[in-house]
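Scroll down for the structure; my scribbles are underneath it.
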Amino acid sequence: MSPEDIAREYHLPLGAVYEALAYASDHPDEIARLRQTEDQVLERLRAADQRGLGTADGTAKAEEMSGAVLQEMRYRFVPPPRP
């Protein structure tokens with residue numbers, strides 16, 4: 001997918017796409033940690049589903065767990081705004 005395609009698909013300014021790509025290129029270790037964290041989140045959600053947390057009484061717990069992990073990812077990996 002080209003930067004132009006990404007911008008169009010996600011309704012983003014083209015400059016923001018290039019900025020994100022440049023950031024990812026300049027911080028490969030951070031991006032690797034993010035992907036590892038995403039994989040861990042998916043694994044935890046799959047395990048929760050296998051334990052029955054996807055049922056009506058367990059849905060709230062699974063959503064709470066995924067929300068907490070995603071919030072942690074947001075604070076750990078989103079770069080601060082530029083001045």
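From the list GLN36, GLN71, GLN40, which residue is modelled with pLDDT under 80, polar (S, T, N, Q), surrounded by fewer than 14 Cβ atoms within 10 Å (Cβ to Cβ) and in a helix (DSSP H, G or I)?
GLN71
Scanning for something in a helix (DSSP H, G or I), of a type in the set (S, T, N, Q) and surrounded by 14 or more Cβ atoms within 10 Å (Cβ to Cβ), does the stretch 5-28 turn up at least one residue?
No, there is no match, as no residue in the stretch 5-28 is in a helix (DSSP H, G or I), of a type in the set (S, T, N, Q) and surrounded by 14 or more Cβ atoms within 10 Å (Cβ to Cβ).
The values are calculated or read from the model by the stated rules, or taken from the named source; none is laboratory data. The structure presented is a predicted model; accordingly, all values stated were derived computationally and were not measured. Counting neighbours? That spans all protein chains shown, and the Cβs are built from the backbone with ideal geometry, glycine included.
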